[in-house]
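What follows is a set of notes on a single structure, which appears directly below.
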Amino acid sequence: MSIVTKTNKKEFILNFRHKKYNLAERTHIMGVLNVTPDSFSDGGKFYSLEKAELHALKMVEDGADIIDIGGESTRPGSQPVSLEEEAQRVLPVIEALAKKIQIPISIDTCKPQIAQKAFDAGAEMVNDISGLRFDPEMTKVAAKYNVPVVIMHIKGTPQNMQENPVYEDVIKELKDYFEERINFAVSAGIKEENIFLDPGIGFGKRFEDNLVILKNLKEFKKLEKPILIGVSRKSFIGKLIDADVDNRLF
């Protein structure tokens, strides 16, 4: 699960196919569906189409506002998968759910080819952990389809991001990064109102960095963009309360 926090604006409207969300009214909930064998908390649990579909429908029933579908694990040390493998994992699920649910589907990918196929299959949003950096073609695809784009901060790649990440001032570094990425996205044709920001909890962050980020979210709100926060079950929670991954969902 992830959350989209309220913005400082009095109104921030996003129009999806079946839904209109004013992100200034309340915090919205993103249900995460990992169609992978190796994601850190639920790898393999929803790997089949039937199990993935049932889990997504349960999240909708429980109140999710967006379903985010990913076919490539980004846990620390994970390895990338091929375009063909990622497509085989996510596209059947998106196609099935697009016919059954009335809330928007987000595709969690860094690959523009996957994003484009996902949009054609029914997805309406892209969640790019690279912040549009791993493949610049992603900006062209997002601009063409006029969809909301989540720009996340990550130091390094999933393969090496937790190998001694260091910050002098994590809040300043993230703000500078977001300002540069927003300018890049807009110059590439992505609309201002389609940009979300995600500080990337656990993505190239030390234990203390995660806590500092959460304590200072108001600093990112000054950028006047919705903020996506993914904290569910992550290791810093386990360290705080001495709990394994199956006991962090509270």
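The values are calculated or read from the model by the stated rules, or taken from the named source; none is laboratory data. Computed from a prediction, not measured in an experiment: that's the story for all the values here. Counting neighbours? That spans all protein chains shown, and the Cβs are built from the backbone with ideal geometry, glycine included. Just the protein is used for accessible areas: all its heavy atoms, side chains included, with ligands, DNA and RNA removed. Shrake-Rupley method; radii C 1.70, N 1.55, O 1.52, S 1.80 Å.
Which part of region 108-149 falls in the paramagnetic zone of Gln88, meaning amide N under 17 Å from the point 7 Å along Cα-to-beta-carbon?
Those under the cut-off are 114.
Mind checking which helices in the chain clear 15 Å along their axis (Cα) and have mean Kyte-Doolittle hydropathy of -1.0 or more, DSSP H runs only?
49-61, 83-98, 170-187
In whole percent, what relative contact order does region 45-161 give with Cα contacts below 8 Å and a gap of six or more residues?
Dividing the mean separation by the residue count of region 45-161 yields 25 percent.
Taking 0.36 nm per intervening residue step and subtracting the Cα-Cα distance, what contour gain separates Glu180 from Leu240 on full extension?
18.3 nm
For the chain, which longest stretch is free of loop sites, where a loop site is one of the trypsin sites (Lys or Arg not before Pro) that DSSP puts outside H, G, I, E and B and that has at most 12 other Cβ atoms within 10 Å?
Longest gap between qualifying sites, sites excluded: 101-221.
Hey, if we sort Leu14, Leu49 by accessible area with the 1.4 Å probe, largest down, what's the order?
Highest to lowest solvent-accessible surface, that is Leu49, Leu14.
Taking the chain as a Gaussian network, where each spring joins two C-alpha atoms under 10 Å apart, which residue of Phe196, Phe220, Phe12 fluctuates the most?
Of Phe196, Phe220, Phe12, the Gaussian network model singles out Phe12 as fluctuating most.
With springs only between Cα atoms under 10 Å apart, run a GNM on the chain and tell me which of Asp176, Asp120, Asp108 wobbles the most.
Of Asp176, Asp120, Asp108, the most mobile in the Gaussian network model is Asp176.
Students sometimes get this wrong: rank Thr36, Thr74 by accessible area, probe 1.4 Å, all chains present, largest first.
Thr74, Thr36
Loop by DSSP (not H, G, I, E, B), at most 10 other beta-carbon atoms within 10 Å: where is the longest site-free stretch of the chain for GluC sites (Glu not before Pro)?
Formally, the longest exposed-site-free interval is 12-167.
How large is the helix-only mean residue ellipticity at 222 nm for the chain, computed as the sum of -39500 (n - 2.57) over DSSP H runs with n ≥ 4, divided by its residue count, in deg cm²/dmol to the nearest 500?
-10500 deg cm²/dmol
Taking the full set of protein chains and a 1.4 angstrom probe, give the accessible area of Ser235 in square angstrom, rounded to the nearest 10.
About 90 Å², rounded to the nearest 10.
Among the DSSP beta bridges whose two residues both lie in the chain, what percent are antiparallel, rounded to the nearest 5?
The answer is about 30 percent antiparallel.
Determine the per residue accessible area of the chain with all protein chains present and a 1.4 angstrom probe, expressed in square angstrom.
47
For the pair Asp120 and Ile29, what calculated FRET efficiency results from E = 1/(1 + (r/R0)^6), where r is the Cβ-Cβ distance and R0 = 30 Å, to the nearest 0.05?
0.70
How large is the translational diffusion coefficient of region 80-157 in µm² per second when you combine the Kirkwood radius over alpha carbon pairs with Stokes-Einstein at 25 °C and 0.890 mPa s?
So the translational diffusion coefficient is about 195 µm²/s.
Using the Kirkwood radius over C-alpha pairs as Rh, can you work out the diffusion coefficient of region 122-240 via Stokes-Einstein at 25 °C, viscosity 0.890 mPa s, in µm² per second?
Calculated translational D: 166 µm²/s.
Which whole-number percent gives the relative contact order of the chain, counting Cα pairs below 8 Å spaced six or more residues apart?
Reported relative contact order: 18 percent.
Given points 7 Å out from each Cα along the Cα-Cβ axis, report the Leu54 to Leu211 separation in nanometres with one decimal.
4.0
Please state the relative contact order of region 115-203 as a whole percent: Cα pairs under 8 Å, 6+ residues apart?
Averaging sequence separation for qualifying contacts and normalising by length gives 36 percent for region 115-203.
Determine the share of the chain's accessible area contributed by carbon and sulfur atoms, expressed in whole percent, with a 1.4 angstrom probe.
49
Which one, (1) 143; (2) 223; (3) 115, gives volume of the Cα convex hull per residue in Å³ as derived from the coordinates shown?
(3)
Could you give the C-alpha radius of gyration of region 9-146 expressed as a fraction of 2.2 N^0.38 Å, taking N as the number of residues it contains?
It is 1.02.
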